[in-house]
Structure formats: C-alpha cells, structure tokens
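So the structure is just underneath, and the comments pick up after that.
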Amino acid sequence: MAYFDTDVILEESEEEVVVEKRDFSKYRFYQVERYGRYFDVDTVDVLRRVLHSMVPFLNKEYYAEMGRNPDLYGPFWITTTVIIAMAVTGNVVSFITDTEFSGQHIIKLVYGAAVIYGYCFIIPLGFWVLFFWQEIPIKLIYLYCFYGYSLFIYIPIAILCIIPFWWLSVIFIAIGAVVSTGFLSYSFFEPINRSSKKGYIIVGVMAFLHIALAVVMRVYFFNYHWNGIPIPIHNTTLITTATTNTMDTNTNSATTGAF
C-alpha cells in the first residue's frame, strides 16, 4: 500500500463514501481560501491522530488515513500549545526553586517559540528538498502534518515536569523523545526506504534531529539542578562565588593566625 498516494488509497477502500468536497484548486496560491482543505478536519479526526501519535504501533492503517486528508489545523495548535506549556511549566518550576524569580523569565516564551516554530518549519522543509532530490514521493504537507502531531506527547510531559526534581524532568523528556521520535521514524521509514537506498541514513538523521530538539527543551525550559537540589543554573554562579569567597576568607584567617 502506498501510504502517501491518495489515488491508490481511495481505490483500495472497501467502502464507498460519497462526500461533497469544495474545489480549493480554483483559488490562486496567494489566496487564503486555497489552503482551506488543510484545515478541513473535525474534532474526531484530530483526536484520533493525537492518540496514534502517542501509540504509533497501534494501527498501521492510520498512516493511510492521514495520507488521504493531511491537515495543518492539529499541527499548528499542538505546536503552539507545546510552546506555551513548556514556557509556563518552566517558569512555575523556576518560581518554586528560585527565591529571586522575576518576570524576566517570560523571555522563555519568546525564545522557545522561535526555536520550536523554527524547527517545525525549517526541518520538514529541508527534508522535503532532500526527498525531491532523491525522488522520494512524500509531499511537504505530509511532513508538516506528521511533525506537528509528533510533538503532542510533550504537552503532558511538560505538565509532569512541574515536579521540581531535575532527574525526573530528564526521565520525562526522554520518554517524550522516544515516543515522538518513534512516531516519526515508524511513519516515514517504509515510504523512504522503498524509494531510496539511503533510507536508513535519512531516517537516522531525522531521528537524531528530533532527539536534539528534546535535549534543547530539557536544557532550556528545565535547566535547574545543583548537587541534587533543584536550583536554576543561573544561580549556580552566585553559589560558586559565595563558596570561593568563603574559601578565600578561611585561607586569609589561617595565614593571619600563622603570623
């Protein structure tokens, strides 16, 4: 079965479903209405895709289903929610563990949005160029769709990371990385490997970049620990300075006593 070939999928469908569809092709590329088909999904479709993004091995036919009607509605709101959830929970943890917490931490939302939006826009675009060059029949819209849904797991993960222990946040983010990366790899491995001899390498690079995103999330949004005690990294400078000053004072006292 060709997961991303709409015509083949429709021919293999056992049930004939008659659905009245709008003709979006009559609009020009610069008209918003032309892209309405990518937002033509209902709540049931989005929830089903969200579920399968967290349990990628549950139903293989799911990929054929998404191939019939890829959307951008779910990916856009999922990506936006992940950014907000990470920024809010990261600030909550900083508030709990940092007595000098200030509103300047809102910058996490700005930088986080730039990184995650940039990743979800640039990386799929880069792979699409590679696929075009390697003659792999995967459209850009499919990449954006799968990449967007792959991030959903990080929403509940962000909530769990409120627990102010750095080792727990590492475990939670690692679980999210495995699930999210597994979803992408499982989705694209067969169509890529079927069309290119370098399928393993391409999927490996895709997985590596996705794991790198998880590392960035952990380091940027939940960067707190000091000798096992949850303390933000930016305070470790103060702690180190205080420790150094204490050592200098003790050294001076010992030298004075010797004379």
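Bear in mind that the values in this text are calculations on the coordinates, not laboratory data. Predicted model only: the values in this text are computed from it and were never measured. Methodologically, a virtual Cβ is constructed for each residue, glycine included, from the backbone with ideal geometry; neighbour enumeration extends over all protein chains shown.
Which ³J(HN,Hα) values in Hz, rounded to whole numbers, follow from the phi angles of segment 160-165 under the Karplus curve 6.51 cos²θ - 1.76 cosθ + 1.60, where θ = phi - 60° and Gly and Pro get x?
Each residue's phi maps through the Karplus curve to give 5, 6, 5, 4, x, 10 Hz.
Using Stokes-Einstein with the Kirkwood hydrodynamic radius over Cα pairs, what translational diffusion coefficient do you get for segment 157-197 at 20 °C and a viscosity of 1.002 mPa s, in µm²/s rounded to a whole number? Numbers along the way, then the final one.
Values: Rh = 11.9 Å.
The Stokes-Einstein estimate is 181 µm²/s.
Using the alpha carbon gyration tensor of segment 123-186, what are the three equivalent-ellipsoid semi-axes (square root of 5 times each eigenvalue), largest first, in whole Å?
Values: eigenvalues 193, 21, 15 Å².
Those come to 31, 10, 9 Å.
By per-residue mean of other Cβ atoms within 10 Å, what is the highest-first order of 84-95, 185-196?
84-95, 185-196
Consider just the alpha-carbon atoms of segment 75-209 and return their Rg together with their Dmax, both in angstrom.
Looking at segment 75-209, its Cα Rg and Dmax stand at 17.0, 56 Å.
Quote to one decimal, in nm, the extra length available between TYR220 and VAL110 on full extension: 0.36 nm per residue of separation minus the C-alpha distance between them.
Full-extension gain reported as 38.4 nm.
Grab the Cα-Cα distance for LEU140 and ILE162, subtract it from 0.36 nm times how many residues apart they are, and report the gain in nm with one decimal.
4.4 nm
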